[in-house]
Amino acid sequence: MISKVNIEEKFSQINDYWNPRIGGELNDSYMKMVKMKGEFIWHHHDDEDEMFFVWKGNLVIRFRDREITLHEGEFLVIPKG
């Protein structure tokens, strides 16, 4: 089925932090949406790629050797492993 998703509408339905919701699905993968506040403890997935897209605000992602700051409208893809 073809369906359109309005990001603003989906985020308006999320009233808490750190509780990911499924915003869409593509090829057996989920596009999850979450409101974040404060520090996010880094982790990784051995079998999944991960994408961070900033709708509003900023997100600083710290790696062992550097940090990347994402601003509104930017995204970062982190390959699995």
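Looking at (1) exposed (fewer than 12 other Cβ atoms within 10 Å of the Cβ); (2) farther than 20 Å from GLU74 by Cβ, which is the only condition ARG21 fails?
(1)
Is it the case that some residue within the stretch 59-68 is without any contact (Cβ under 8 Å) to a residue 12 or more places away in the chain, β-branched (Val, Ile, Thr) and surrounded by 11 or more Cβ atoms within 10 Å (Cβ to Cβ)?
yes
Among the strands (runs of 3 or more DSSP E) confined wholly to the stretch 34-74, which include 2 or more residues that are more than 15 Å from PRO20 (Cα to Cα) and not assigned by TED's automatic domain parsing to the domain that holds LYS10?
58-62, 67-71
The values are calculated or read from the model by the stated rules, or taken from the named source; none is laboratory data. Just so it is clear, the structure is predicted and the values come from calculations on it, not from any experiment. Here Cβ is always computed from backbone atoms with ideal geometry, including for glycine, and neighbour counts include all displayed protein chains.
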